[in-house]
1. Quote the FRET efficiency, to the nearest 0.05, computed for LEU147 versus LYS118 with a Förster distance R0 of 22 Å and r equal to the Cβ-Cβ distance.
2. Per DSSP H run of at least 4 residues, take -39500 (n - 2.57); add these up for the chain, divide by its residues and hand me the 222 nm value, nearest 500 deg cm²/dmol.
3. Given LYS56/LYS128; LYS118/LYS181; LYS28/LYS75, which pairs have Cα atoms separated by over 26 Å?
4. For the chain, which DSSP H helices look membrane-span-like by this rule: Cα extent along the axis of 20 Å or more and mean Kyte-Doolittle of at least -0.5?
5. What residues qualify as long-range amide H neighbours of ASP102, i.e. H under 5 Å apart, gap of 5 or more or another chain, H built at 1.01 Å from N?
6. I'd like the Karplus ³J(HN,Hα) series for region 171-181: coefficients 6.51, -1.76, 1.60, θ = phi - 60°, whole numbers in Hz, and an x wherever there's a Gly or Pro.
7. Enumerate by residue number the trypsin sites (Lys or Arg not before Pro) in region 90-192 meeting two conditions: DSSP loop (anything except H, G, I, E, B), and at most 15 other Cβ atoms within 10 Å of the site's Cβ.
8. Might you report the magnitude of the Cβ-based charge dipole of region 22-188 about its Cα centre, with Lys and Arg at +1 and Asp and Glu at -1, to the nearest 20 debye?
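None of the figures in this text is laboratory data; all of them are computed from the coordinates on show. Since this is a predicted model, take the numbers as computed values, not measurements. Counting neighbours? That spans all protein chains shown, and the Cβs are built from the backbone with ideal geometry, glycine included.
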Amino acid sequence: MRFFILTLIAALLTSLTAFADPGPAIVKAARSQIGVTTSYDPAYVSLTYPGGDVPKDRGVCTDVIIRALRTAHQKDLQRLVHEDMRANFSAYPKRWGLTRPDRNIDHRRVPNLQTYFKRSGYSLPLQKDPARFLPGDLVTCTVPPHLPHIVIVSDKKSPNGTPLIIHNIGQGTREEDALFKFPHTGHYRWKN
């Protein structure tokens, strides 16, 4: 009887976890990169597949997202984006002159992540109201003049109530008050 009760409790906890808000775990995983990823390095690198990553001390804005989702929810954007691009290549941007998917770099490009998130049903309307941004939300923007960028919304807020963001914009992963610093191009909320 005791085994049955313990099994029932474990099953209940597992099902409750499936409905838990994924945001706090994403924030925690992103924040753990601060002080570890200390440089910005956009170099093309041949990666193992699946689960490939550049060295932890370097990367770009997308690497913060990739690592946070792997750590927090065991979701491998390298595999997810690559599989979707293989099946739906024409749905993705053609900015890089590719004729087929490249599992080494496709998931590390903001426009590809935007396409994947939209196709997966994670898109939210663009907002300027700070209250509409929840911890763990992903926001894309354009850094002038035309550089795509992606950030994770933090669970911490500035003195005026605006959520902080966690990102790598050139000096390693950091948390700062910059949610509305650049024009937004997308707002996404991960679902378990």
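1. On the way: r = 20 Å, r/R0 = 0.90.
Rounded to the nearest 0.05, the efficiency is 0.65.
2. Working: 5 runs with 60 residues, N = 192.
Helix-only estimate at 222 nm: -9500 deg cm²/dmol.
3. On the way: LYS56/LYS128 33 Å; LYS118/LYS181 23 Å; LYS28/LYS75 15 Å.
Cα-Cα > 26 Å for LYS56/LYS128; rest within.
4. Details: long enough: 2-18 (24 Å, 1.86).
Qualifying helices: 2-18.
5. Here nothing satisfies the definition.
6. 10, x, 5, 8, 10, 7, 8, 8, 4, 10, 5
7. Details: sites: LYS94, ARG95, ARG103, ARG108, ARG109, LYS118, ARG119, LYS128, ARG132, LYS156, LYS157, ARG174, LYS181, ARG189, LYS191; in loops: LYS94, ARG95, ARG103, ARG109, LYS128, LYS181, ARG189, LYS191.
Listed in order of number, the matching sites are LYS94, ARG95, LYS128, LYS181, LYS191.
8. Working: 23 positive and 15 negative charges, 50 e Å.
Magnitude of the dipole: close to 240 debye.
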